[in-house]
Amino acid sequence: MVFKRNNVMISGEGTRSILFSHGFGCDQHMWTEVARTFERDFRVILFDHVGAGRSDLTAYNSAKYATLQGYADDVVEIGRELGLADAIFVGHSVSAMIGALASVKAPGMFSELVMVGPSPCYIDSDDYTGGFSRDQVLELLDFLADNHLGWSAAMAPAIMGNADRPELSTTLENSFCATDPEIAREFAKVTFLSDNRADLSSIVARTLILQCRDDIIAPQCVGEYVHEHIPNSQFRLLNATGHCPNLSAPDEVAAAIREFV
Amino acid sequence: MSERPPAEDFEDLYENAPCGYLSLAPDGHIAKANKTLADWVGTSSEALLGTPFHAILTFGGRIAYETHLAPLLRLQGFVNELAFELLRSDGTKIPIIANATEKRNAEGRHCFTRITLFKAVERRSYERGLIDARNQAQVAVGAGLETAALREQFIAVLGHDLRNPLSALAAGIGLLERKEPLSERGRTIVAEMHGSIARANALVANLLDFARGRLGGGLTLSRDADQPLTPVLEQVVTEIRAIAPEREIVASFAIAQPVNCDRGRIAQLASNLLANAVAHGAADIPISIAAMTGANLLTISVSNGGSTIPEEAREQLFQPFFRGAVRKSQQGLGLGLFIVNEIAKAHGGTMNVSSTEDETRFTFSMPLIA
């Protein structure tokens, strides 16, 4: 069952569907604040990629998820199950490319793509700046392997009382960003070694690229590259800094998406 | 009156605490750092101000911070026990463990991310040790699983592939015996073939038990106190007499009490002991088997004449694959006595061996539980 596998959550009251897809390192909670602003007039769909959050870990299969296409195929299956047509796909980080692949595989399913901090390729080459050297990516993968104990402890489901933000404690009872450490390592490898530059020109959906300032994972030159290579795309530089504006500046992100759609 | 201790100097406590203190502005730049941390990194607190937190993290740490920690901090307001490495100004790294919380103002606006850092050089080295040990254990478990699969296959081969042709052979010989006219010599040969098949079946049974007992599973008993043991033992004697018609076997059974045992296993024990006596005993001295109950014990003893078992060999007798010097035609796998001993142990009993110039005697005894 696709909904159980990807922990699909549906809310909102509109007829048009907007699907939010999380990136590497977190789960659908990353979109909570942005997504709730769309509930009034959209059908809002949140889900966890297999291996993250409350997805069905037994559905994980190293061979299927050895490429981003494996994750994109899941998105297409969710879309088919929901009967999505001309929907909006909002993808953060690596999910921007997952959405692009899904939109190419299932024409008509997504008429709009919103890419938040996208990167089609993280590693530099002669004529391309991705922001990472191959050695740095290998160092990152080593880091994740080496920090297994520390990370799994930090990422393990934690029950918390949150004095500052009580609404989070009540609405999200269990955990944020729980990831199986082994799967996280494989997802990191797939993500940071991916190269989807050749796929950009096949994207026919209207596309909005939201770029943060000081994003070390998806630097501005990469966002501009994506904009140049997707035929029908717009580029927007946010005031937000870092790699997760959906968390650090949810209002700005929500307003930019709303303006676009 | 003892003198009052001097009041704690909070500024000094902050600057020179035995841990690093760091406050980040919402944009991830360092807003305040104590002297301890600055010393670890090899710079001054002033030089750290305004630089991005990334600047003192290793590359892996930077990405992990952006992809995991920043979101988690934002969502739950704190993150505990993170393993990181700080990058010092000379390029070397210091392993640290950190806790972080978000400081918010009354309106819920994020003001600072406060991070407390502890050096964790030793801890990280034993964590690495644990990871290495775990990886090695996983490799070993993988190899163990492979071996286990082979064992299962091995046992199946023994049980099925070896026994099936023996059954077919036995059935064929039975047909010859009953349906075909045979000469006197032919009948003798057929009888000997029956004996050889029985011996081969016994060897396969021992091998299977050894494989199960040694390689997994263990011997399982199905005890039954209601059924008499004597007829089973008599059947064993009849079979051995058929295998070795030239040998005299004297049997005396006096089993007066019910015996809570696995009769098939006890028969196997008696059969192995008798086969052993046939193989090793002097041909011209009768073999005797005696079974009795008494003194809350069941004892079954098998004796034969012939040469004495040397003292040093007696300790080895019950080891698997131990084989004494015998005629080549009688050579087995060396598992008979090992299985005998396993059956004895499974019944809570013991095996004893005595060997003199007059006789060699194996005695099984097990307690009779009322």
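The values are calculated or read from the model by the stated rules, or taken from the named source; none is laboratory data. Note that the structure is a prediction, hence the values are computed from the model and not measured. Every residue, glycine as well, gets a Cβ built from its backbone with ideal geometry; the counts of neighbours run over all protein chains shown.
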Those residues of the range A:206-253 that are within 23 Å of A:Ser111 (Cβ to Cβ) and either of a type in the set (Asp, Glu) or in a loop (DSSP other than H, G, I, E, B) (or both) come to a total of 4
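Taking the options A:Ile217, A:Ile257, A:Ile230, A:Ile203, name whichever one is among the aliphatic types (A, V, I, L, M) and within 14 Å of another protein chain (Cβ to nearest Cβ).
Numbers: A:Ile257 fails: within 14 Å of another protein chain (Cβ to nearest Cβ); A:Ile230 fails: within 14 Å of another protein chain (Cβ to nearest Cβ); A:Ile203 fails: within 14 Å of another protein chain (Cβ to nearest Cβ).
Exactly one of A:Ile217, A:Ile257, A:Ile230, A:Ile203 is among the aliphatic types (A, V, I, L, M) and within 14 Å of another protein chain (Cβ to nearest Cβ), namely A:Ile217.
Mind telling me which of the residues B:Arg62, B:Arg163, B:Arg109 ends up being more than 30 Å from B:Ala200 (Cα to Cα) and either surrounded by 11 or more Cβ atoms within 10 Å (Cβ to Cβ) or more than 12 Å from chain A (Cβ to nearest Cβ) (or both)?
Working: B:Arg163 fails: more than 30 Å from B:Ala200 (Cα to Cα); B:Arg109 fails: either surrounded by 11 or more Cβ atoms within 10 Å (Cβ to Cβ) or more than 12 Å from chain A (Cβ to nearest Cβ) (or both).
When all the criteria are applied, what remains is B:Arg62.
Yes/no per residue for (1) touching a strand residue (DSSP E or B) at 6+ places or on another chain (Cβ under 6 Å); (2) surrounded by fewer than 14 Cβ atoms within 10 Å (Cβ to Cβ); (3) modelled with pLDDT under 85:
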residue	(1), (2), (3)
B:Gly186	no, yes, no
B:Val190	no, no, no
B:Gly213	no, no, yes
B:Leu221	no, no, yes
B:Asp262	no, no, no
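Does the range A:207-241 hold any residues that are among the charged types (D, E, K, R) and farther than 26 Å from A:Gly70 by Cβ, and which are they?
Filtering the range A:207-241 down to residues among the charged types (D, E, K, R) leaves A:213-215, A:224, A:228, A:236.
Across the range A:207-241, the qualifying residues are A:Arg213, A:Asp214, A:Glu224, A:Glu228, A:Arg236.
Might you check whether a residue that is surrounded by 14 or more Cβ atoms within 10 Å (Cβ to Cβ), among the basic types (Lys, Arg) and not in a helix (DSSP H, G or I) occurs anywhere in the range B:198-205? Give the steps one after another, and end with the answer.
Looking only at the range B:198-205, we keep the residues that are surrounded by 14 or more Cβ atoms within 10 Å (Cβ to Cβ), and these are B:198-205.
Then drop every residue that is not among the basic types (Lys, Arg), which leaves B:199.
Adding the requirement that they be not in a helix (DSSP H, G or I) leaves none.
For the range B:198-205, residues surrounded by 14 or more Cβ atoms within 10 Å (Cβ to Cβ), among the basic types (Lys, Arg) and not in a helix (DSSP H, G or I): absent.
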Being more than 28 Å from A:Pro250 (Cα to Cα) and within 7 Å of chain A (Cβ to nearest Cβ) is the filter here; which residues of the range B:65-93 pass it?
B:Ala83
Search result, residues across the range B:24-62 that are part of a helix (DSSP H, G or I) and in contact with an Asp or Glu (Cβ under 9 Å, 6 or more places away or on another chain):
B:Lys35, B:Thr36, B:Ala38, B:Ser45, B:His54, B:Phe59, B:Gly60, B:Gly61
Can you confirm whether the range A:6-21 contains a residue that is under 13 Å from A:Leu82 (Cβ atoms), surrounded by 14 or more Cβ atoms within 10 Å (Cβ to Cβ) and among the charged types (D, E, K, R)?
yes
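Can you list the helices (runs of 4 or more DSSP H) lying wholly within the range A:1-120 that have 3 or more residues being closer than 24 Å to A:Val222 by Cα? Before you say what the answer is, go through the steps one by one.
On the way: elements: A:2-5, A:32-36, A:68-82, A:94-105.
So the answer is A:68-82, A:94-105.
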Among the residues of the range B:131-145, are any touching a residue at least 12 places away in the same chain (Cβ under 8 Å) and outside any strand (DSSP E or B)?
no
